[in-house]
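One structure is given here, and the rest of the page talks about it.
The values are calculated or read from the model by the stated rules, or taken from the named source; none is laboratory data. Since the model is a prediction, treat every value here as computed from it, not as a measurement. For accessibility, only protein heavy atoms count, side chains too; no ligands or nucleic acids. Shrake-Rupley method; radii C 1.70, N 1.55, O 1.52, S 1.80 Å.
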Amino acid sequence: MQPYVAIIKATGANYTSLVAAIKRLGITSRLTNNSAIIKKAKWVILPGVGSADYAMNELAKKQLINVIKTLKQPVLGICLGMQLLCSDSEEGDVNCLNIIPLKVQRLKTKQVLPHMGWNNFAWVDQQNPLLNGVSINDNFYFIHSYAPTIKAANTIAKVDYGIKFSAVINYQNFFGVQFHPEKSGLAGIKILQNFFNQSTIKIIPSIDLLNNNCVRLKQGKFNDVKEYRLTPTMQIRKFANAGAKFLHMVNLNAVQTRKINNWALLKKMRKTFPGTIQLGGGIRSIDDVKKIFAIGINRVVIGSLAITDPQLVKSLFLKYGAEKIVLALDLKQQKRNWYVAINGWKTITTCTFADVIKKYPMAKYILCTDISKDGMSKGCNQTLYKMIKNKYPQLALQASGGITTENEINTLKRFGIDGVIIGKALYEHKLDLRKVLKC
């Protein structure tokens, strides 16, 4: 069956322009209130016009509230549909879907209401996949008098109309835009393209840092280290020149010493690479995380700490949001279960992959490594990644360990894997970065 986007029509909207815009992108759409069709869709859009209380009543009558709240595929709320994703609305004093923890309030502005016409972003998080290639200079078409409040963990773009409000929001697989992308010219089409392109796979080259060198460890063993010729900054410049938009860094010195001491190098690497950087290794405290974000690193990769100090890690999710945190789970199979290894793989815990996902329901990014494959250049564990994605489709899963061929990458892409982390295969020229970035 051809993939399609389900457009929920319960909330009332002028669907013609939206359907036409989607058709121009080559995507099949289905206007529906049928829960089975909605659940099977590859993407779901919730548009809406009118009032929040009326729309919520319609969703309830059509028994769609729980259907929407439990969707695992990408969901986009447009205009009123965005507001319905929030916790509650002043418009009609109604409880909404409570998916994204923001309140919808009437705009407290001296400007004329409704806010109708073109406006540009006052701030935009260009690292969020929905806003890739979008800037504060782009204009979008608005018509509304109510809007969500601003919250750092969920607001990914703001607009100023005498008062700043959330123009684009995100929580896990749910996105919302206060404007009408289908009526917003090329900038709006870009938003829709980004929404549909979330099924593409991200190629994430990896750098392991040890004593200011690029290295690879064989199965995580510090007594089996291979150093590479290029310096770390030279290597990431090479990755950037090839077109890489993402970078995974592992601070092996911090893993060994349990303390981050190479801040100068990390700052230099941040300045050298223009894209999104995620950094792991030796992160042990909130202070570490603060300093990492302060130098401009986009995401922290949390490994052992997720097992040894869940209270601290949950506080990080609460403070910074799921977009800023990657949980790294290094796995070893014993009998039928996959157990998490910590402390540089020296300790195999009694905690399974399923245990961790249950403990962190707020998590979005999961970096998963079969430690028997890492550094071996013998291929990745495709069966493991397929099993995880099938069981937890809401996760943005990053596959790591042993990836050596384009065929593997394309197979993982078909599974819906969000990203692949590649190290040794790039350093030893088994994969050409420029080519695999086209996968």
Percent carbon-and-sulfur accessible area, segment 129-285, ignoring ligands, DNA and RNA, probe 1.4 Å
48
Cα-Cα longer than 22 Å, checked against Lys39/Lys61; Lys389/Lys413; Lys42/Lys364; Lys238/Lys268; Lys314/Lys364; Lys72/Lys290, kept in input order, equals Lys72/Lys290
Connecting every pair of Cα atoms under 10 Å apart in the chain and solving the GNM, the largest mean-square fluctuation among Gly280, Gly379, Gly401 falls on Gly379
Other-chain or far-sequence residues with amide H under 5 Å of Thr28's (modelled H)
Val5
Cα-based equivalent ellipsoid, segment 53-190: semi-axes from gyration tensor eigenvalues, Å:
23, 18, 13
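Of Met269, Met362, Met116, Met234, which has the most accessible area and how do the rest follow, probe 1.4 Å?
Numbers: Met269 0, Met362 50, Met116 120, Met234 90 Å².
Sorted descending by solvent-accessible area, the residues read Met116, Met234, Met362, Met269.
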Which percentage, to the nearest 5, of the DSSP beta bridges contained in the chain is antiparallel?
45
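Provide the per residue accessible area, probe 1.4 Å, for the chain, rounded to a whole number of square angstrom. Could you put the intermediate results ahead of the total?
Numbers: 19160 Å² over 439 residues.
I get 44 Å² per residue for the chain.
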Per-residue ³J(HN,Hα) for segment 157-168, Karplus 6.51 cos²θ - 1.76 cosθ + 1.60, θ = phi - 60°, Hz, x for Gly and Pro
7, 10, 10, 10, 10, x, 8, 7, 9, 6, 9, 9
Within straight-line cross-link reach of Lys151, aspartates and glutamates at Cα separation under 16 Å, skipping those fewer than 8 residues along the same chain:
Asp88, Asp125, Asp160, Glu323
From the phi angles alone, apply the Karplus equation (6.51, -1.76, 1.60; θ = phi - 60°) to segment 347-357 and give each ³J(HN,Hα) in whole Hz, x where the residue is Gly or Pro.
10, 9, 7, 8, 8, 8, 4, 4, 4, 5, 5
